[in-house]
Amino acid sequence: MSDINPFNLGNAPSDEGFCNRKKELKKLLTHARNGANAILFSARRRGETFLVKRVMDEVSREGYLATYVDFLSVISEKDVTEKSFNTVVRGVRENITDRSFMNKVKKLFTWIYLSIDIGPEGVSISAKYDRSETFGHLVDDISLGLDKCPKNNKRRCLVVFDEFQEITSPPENKRVEGVLREHIQNQANASFFFVGSRPPRPRSMFTDSKRALYRLGFIYEMGNIPKDEFAPYVVERFKKTGKECLLEIA
Ligand SMILES: Nc1ncnc2c1ncn2[C@@H]1O[C@H](COP(=O)(O)OP(=O)(O)OP(=O)(O)O)[C@@H](O)[C@H]1O
Ligand SMILES: [Mg+2]
């Protein structure tokens, strides 16, 4: 039986449902493997998120700890901390048992603790942190945890910040940028990708010498997938699902 939709509209790109972007993929993979930072921006809906998720998949298979933070709609420093914490803890949790996860979190973090709830659906573990702590201390904790994590596992990390332009929304944004810069610069085992497509585009955050994140990584602007590569992909996807789409139409 054929699929109804020939295209992958979800947010987990597979080898098959992914068109081109070979050059971009190669460059980003090189940066991730070298522990370098990259800034990727484009107009809306050009496939940035899809691309970085593809990179995350690839490096995860190589044993990296790959974490993805979506900063869309952060309005305070606390939101930034919370989103960062949640994704790092989720990354640490992947593929390990509850018991080793608990031991690992104890070893990695100071301000994060795990709370165990027993409910009608069984036992659930959730990560909590001390909310009275300052933003600086909490980011310190995430950063040191990330640093210890690869040493324990002989792994490296890739941290993706999607919709990074939103970091300018919290009233304390200057401090947020400053704290992030300090930690990102001191991270030897991790590579950071900053991705953004909504206005204000994040480019100036990295090119304005007065800003904290000035020249923190390689900057790329992503365009459309060229027509002569996208059209055959469309034809092929239709074919795979038992339908026909002529090249001219595609
Ligand atoms: N390289 C690709 N091959 C095939 N389909 C793609 C590719 N890139 C993107 N798409 C399709 O386009 C959709 C939107 O992509 P994606 O969410 O990555 O865009 P975006 O640039 O991050 O958008 P936004 O500006 O809303 O953040 C994906 O769900 C997928 O269906
Ligand atoms: Mg996106």
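The values are calculated or read from the model by the stated rules, or taken from the named source; none is laboratory data. Keep in mind the model is a prediction, meaning the values are calculated, not measured. A quick note on method: Cβ atoms are made from the backbone with ideal geometry, for glycine too, and the neighbour counts reach across all protein chains shown.
Please determine whether any residue of segment 145-160 is buried (at least 17 other Cβ atoms within 10 Å of the Cβ) and either without any contact (Cβ under 8 Å) to a residue 24 or more places away in the chain or within 16 Å of ligand 1 (Cβ to nearest atom) (or both).
So in segment 145-160, the residues buried (at least 17 other Cβ atoms within 10 Å of the Cβ) come out as 145-147, 149-150, 156-160.
In the following step, the residues that additionally are either without any contact (Cβ under 8 Å) to a residue 24 or more places away in the chain or within 16 Å of ligand 1 (Cβ to nearest atom) (or both) were identified as 160.
Yes: one or more hits.
Any residue in segment 39-61 that's over 20 Å from SER191 (Cα atoms): show its pairings with residues that are near ligand 2 (Cβ under 8 Å from one of its atoms) and among the polar types (S, T, N, Q) at Cβ separation under 7 Å, as long as the two are six or more apart or on different chains.
That search, which allows pairs on different chains as well, returns SER42/SER197; ALA43/SER197; ARG44/SER197; ARG46/SER197.
Which one of VAL74, VAL52 is within 16 Å of ligand 2 (Cβ to nearest atom), part of a loop (DSSP other than H, G, I, E, B), under 30 Å from LYS174 (Cβ atoms) and under 18 Å from the mean Cα position of the chain (by Cα)?
Details: VAL52 fails: part of a loop (DSSP other than H, G, I, E, B).
Answer to the selection: VAL74.
Any chance you could count how many residues in segment 41-55 are more than 6 Å from ligand 1 (Cβ to nearest atom) and more than 11 Å from GLY223 (Cα to Cα)?
Selection size over segment 41-55: 5.
Go through segment 203-250 residue by residue and tally those that are among the acidic types (Asp, Glu) and assigned to a helix (DSSP H, G or I).
So in segment 203-250, the residues among the acidic types (Asp, Glu) come out as 208, 221, 228-229, 236, 244, 248.
Applying the additional criterion that residues be assigned to a helix (DSSP H, G or I) yields 228-229, 236.
Count: 3.
Give the number of residues within segment 159-202 that are among the β-branched types (Val, Ile, Thr) and part of a strand (DSSP E or B).
If we filter segment 159-202 for residues that are among the β-branched types (Val, Ile, Thr), which is where we start, we get 159-160, 167-168, 176, 179, 184, 195.
Next cut, part of a strand (DSSP E or B) only: 159-160, 195.
Matching residues across segment 159-202 total 3.
Give me the pairs, please: first residue somewhere in segment 219-233 and touching a residue at least 12 places away in the same chain (Cβ under 8 Å), second residue anywhere and more than 13 Å from ligand 1 (Cβ to nearest atom) and assigned to a helix (DSSP H, G or I), beta-carbon distance under 9 Å, and either six or more positions apart or on two chains.
Every condition considered, the pairs that remain are ILE219/ARG203; ILE219/PHE206; ILE219/THR207; TYR220/LYS27; GLU221/ARG203.
Please verify whether GLU121 is among the acidic types (Asp, Glu) and modelled with pLDDT under 90, treating the condition exactly as stated. Don't jump to the end; show me each part of the working.
Working: among the acidic types (Asp, Glu): yes; modelled with pLDDT under 90: yes.
It is true that GLU121 is among the acidic types (Asp, Glu) and modelled with pLDDT under 90.
Can you name the residue in segment 161-203 that is of a type in the set (A, V, I, L, M, F, W, C) and in contact with a strand residue (DSSP E or B) (Cβ under 6 Å, 6 or more places away or on another chain) and, of all such residues, is surrounded by the fewest Cβ atoms within 10 Å (Cβ to Cβ)?
Step one: list which residues in segment 161-203 are of a type in the set (A, V, I, L, M, F, W, C), which gives 161, 164, 167, 176, 179-180, 184, 188, 190, 192-195.
Cutting the leftovers down to in contact with a strand residue (DSSP E or B) (Cβ under 6 Å, 6 or more places away or on another chain) gives us 161, 164, 184, 190, 192-195.
Working: PHE161: 27, PHE164: 28, ILE184: 21, ALA190: 23, PHE192: 24, PHE193: 27, PHE194: 28, VAL195: 25.
Filtering first and then ranking leaves ILE184.
Quick test for you: out of GLY63, GLY91, GLY35, pick the one residue that is surrounded by fewer than 14 Cβ atoms within 10 Å (Cβ to Cβ) and either modelled with pLDDT under 85 or over 30 Å from GLY242 (Cα atoms) (or both). Give the steps one after another, and end with the answer.
Numbers: GLY91 fails: surrounded by fewer than 14 Cβ atoms within 10 Å (Cβ to Cβ); GLY35 fails: surrounded by fewer than 14 Cβ atoms within 10 Å (Cβ to Cβ).
Of the residues listed, the single one that is surrounded by fewer than 14 Cβ atoms within 10 Å (Cβ to Cβ) and either modelled with pLDDT under 85 or over 30 Å from GLY242 (Cα atoms) (or both) is GLY63.
Output the number of residues of segment 176-202 satisfying the condition of being away from ligand 2 (no atom under 16 Å from the Cβ) and either over 30 Å from ARG155 (Cβ atoms) or hydrophobic (A, V, I, L, M, F, W, C) (or both).
Just the residues of segment 176-202 that are away from ligand 2 (no atom under 16 Å from the Cβ), to begin with: 176-192.
From what is left, the residues that are either over 30 Å from ARG155 (Cβ atoms) or hydrophobic (A, V, I, L, M, F, W, C) (or both) are 176, 179-180, 184, 188, 190, 192.
Residues flagged as away from ligand 2 (no atom under 16 Å from the Cβ) and either over 30 Å from ARG155 (Cβ atoms) or hydrophobic (A, V, I, L, M, F, W, C) (or both) within segment 176-202 amount to 7.
Within segment 236-250, track down each residue that is of a type in the set (A, V, I, L, M, F, W, C) and either within 8 Å of PRO6 (Cβ to Cβ) or surrounded by 12 or more Cβ atoms within 10 Å (Cβ to Cβ) (or both).
At the first step, the residues of segment 236-250 found to be of a type in the set (A, V, I, L, M, F, W, C) are 238, 245-247, 249-250.
Residues satisfying the conditions are PHE238, CYS245, ALA250.
When the residues of segment 69-88 are narrowed to those that are among the hydroxyl-bearing types (Ser, Thr, Tyr) and either over 21 Å from LYS128 (Cβ atoms) or out of contact with any strand residue (DSSP E or B) (no Cβ under 8 Å at 6 or more places or on another chain) (or both), which ends up surrounded by the most Cβ atoms within 10 Å (Cβ to Cβ)? Can you show your working first?
Going residue by residue through segment 69-88, those that are among the hydroxyl-bearing types (Ser, Thr, Tyr) are 73, 76, 81, 84, 87.
In the following step, the residues that additionally are either over 21 Å from LYS128 (Cβ atoms) or out of contact with any strand residue (DSSP E or B) (no Cβ under 8 Å at 6 or more places or on another chain) (or both) were identified as 73, 76.
Values: SER73: 10, SER76: 14.
Checked segment 69-88; the qualifying residue surrounded by the most Cβ atoms within 10 Å (Cβ to Cβ) is SER76.
Picking from THR168, THR241, which residue would you name as being of a type in the set (Val, Ile, Thr), free of Cβ contacts under 8 Å to residues at least 60 places away in the same chain and more than 30 Å from ILE96 (Cβ to Cβ)?
Working: THR241 fails: free of Cβ contacts under 8 Å to residues at least 60 places away in the same chain.
Answer to the check: THR168.
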